[in-house]
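Notes for the one structure printed next.
The values are calculated or read from the model by the stated rules, or taken from the named source; none is laboratory data. Remember, predicted model here, so these are calculated numbers, not experimental data. We place every Cβ from the backbone using ideal geometry, glycine too, and count neighbours over all the protein chains shown. Keep in mind that these areas ignore ligands, DNA and RNA; they rest on the heavy atoms of the full protein, side chains included. Shrake-Rupley method; radii C 1.70, N 1.55, O 1.52, S 1.80 Å.
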Amino acid sequence: MIKKFKLPSGIQDHLPLDCYSRRIVEGKLIECFKYYGFNEIETPVLERYELFDSGVGKVELSKLFKVTDVDGDLLILRPDITMPISRIVCTKLSQGSHKLCYLGKSFSALENEGKLREFTQAGVEIMGAQGENVDIEVVMLAIKSLIAVGLEDFQIELGHVGFFKGLLDAFDVCEEDREVLINSIESKNGIKLYNLSCEPDKHLLDALSGLPMLFGGVDVLEDAEKMCRNKEMKKAVAELKAVYEGVKRLGYEKYVCFDMSSVGKMKYYSGMVIRGINKNLGRPILSGGRYDRLCDAFGQHIPAVGFAIGVGYLVRALDNQSKLTKMPEVDVVVGYEPAYMSVAESKVDKLRKSGVNAICSFATDKKQLKTNKQSLGAKLAVFVGKDGEEEI
C-alpha cells in the first residue's frame, strides 16, 4: 500500500461516530472538574526539551517525539501535561494553592504492547497544598468523575511509594538495584534478580515476594502494618488509612481498594499513588498521585497531587459496558430545488426548535434525496420546491 494512505504505528483516526461519543465523555469530565472548583488550563503541545531533562520529571530522550526549531533548538511534543502545568504554576501564577484541570493530547515516541503514541488526557492538579484532606479530595474526584461519565464496575486502587521505599531503605538497597526492583514490582512479572549488582538479603526477598499479595480491601493495610520495618513504612500505611477513612465518611468506600506493590514512577511520586482500574480492560483508566518534588526543578518547592484519565481507555471501558452516548438518529432530512434553499433552511430550523433532529441535505432532486435518506438512516425525507413540500 502507498505510504501516504497509511498512518504511523500507534496513531489513530477518529471517525464521526467515535468523535461524537468522545466529545460527550470529555465534556462530562471537564464539567465535573469545574463543578468541584477546578479551573481549566491549556499548555502548548510543543515544549523545549530542557523542560523534561531535569529533576524527577526527566524523560529519556528515546521516549520523546523530537522537532528541531528554526533556530536549531530541540523541541519535543509533550509526553504529559503535568510538567508543563508545574512550569506555569512556578513562573506565571501567584503564590498559594491552585486547583487546575485540563484536556489535551500527549505523545510517546515508543509504542509498547499496543499503547498509542498519541493520546488524549483529562486530568486535575492541586498545586501548593498537602495533607490528608487534599489527598482525600483527589481520590473522591477520581471516583466522582468516573461516575459522572456513567462508568460502572471500577475500582480506585491506592498505594504509597513510601512503603516500598521504606522497605528498600530498611535493607540498604543501592540505587542501581532499586531501579531493577522497582521495575520488577511495577511490571507484576516477578522479581528479576539476575540484574542485581549485589546478593539480596533473604528477608528482603521474602518481603518483596509477599508484596503482590497485599492487594484487596482495607484489611490489606493491617497486613501491611505487620511488615513495617521503619517509620517511613508506618507513615505510608497511616496516610492510606486516613485517606480511606475520609472516603468512607463520605460513603464511597466501595470504590476503593489497595495495592501495596503499586509504586508508579518512584522518582516522580512522593506519597500516595492512585490508579483507576476496570476488570474488562487491560490497562489503567486513570493514574496519578502525590508529587511534591516536581516543582523543585524550577527552584520552588510546591507540594502537588493529581491524576490523569486516559480518555481513549475510558471510552473503551464505557463501550464495553454499553454506556457510551451514541450519535442520535436523523429524524428528517430535507432536500430542495435550488431556488428554495431558504425555504428548506427555515423548515429545518423550525423542526429543530420543536425537538426534531433534522438536517438540510445538499440534494437538489428527489432521487438524490432518497439516496441521502438511506445513507443517513433517516426516518423521513422532505423535498421542498415550487409544488410545496413532498415526503419521500
Original post:
Which value in nm describes the separation of the simple spin-label points at Lys235 and Asp69, placed 7 Å from the Cα toward the beta carbon?
Top reply: 3.9
Subject >> Whole-Hz ³J(HN,Hα) from phi, Karplus 6.51 cos²θ - 1.76 cosθ + 1.60, for the range 291-302, glycine and proline x >> reply: 9, 7, 10, 5, 6, 4, 5, 9, x, 10, 9, 10
**OP:** Using the heavy atoms of the protein chains and a 1.4 angstrom probe, tell me the accessible area per residue for the range 1-146 in square angstrom.
**Re:** 54
Subject >> Computed over the range 308-392: relative contact order in percent, which uses C-alpha pairs under 8 Å that are six or more apart >> reply: 33
Original post:
How many Å² of accessible area per residue for the range 337-392, probe 1.4 Å?
Top reply: 69
**OP:** Note the angle between two axes, namely the Cα long axis of helix 366-376 and the longest principal axis of the Cα atoms of the chain, as a number of degrees from 0 to 90, rounded to the nearest 10.
**Re:** 20
**OP:** Summarise the accessible area of the chain (1.4 Å probe, protein heavy atoms) by the percent that is carbon and sulfur.
**Re:** 51
Original post:
Could you state the number of Å between the C-alpha centres of the range 205-254 and the range 276-317?
Top reply: 20
Original post:
Can you give the calculated 222 nm mean residue ellipticity of the chain, where each DSSP H run of n ≥ 4 adds -39,500 (n - 2.57) and the sum is split over every residue, rounded to the nearest 500 deg cm²/dmol?
Top reply: -11500 deg cm²/dmol
Subject >> For the range 139-166 versus the range 14-67, the gap between their alpha-carbon centres in whole angstrom >> reply: 19
Subject >> Relative contact order of the chain, defined on C-alpha pairs under 8 angstrom at six or more residues apart (%) >> reply: 17
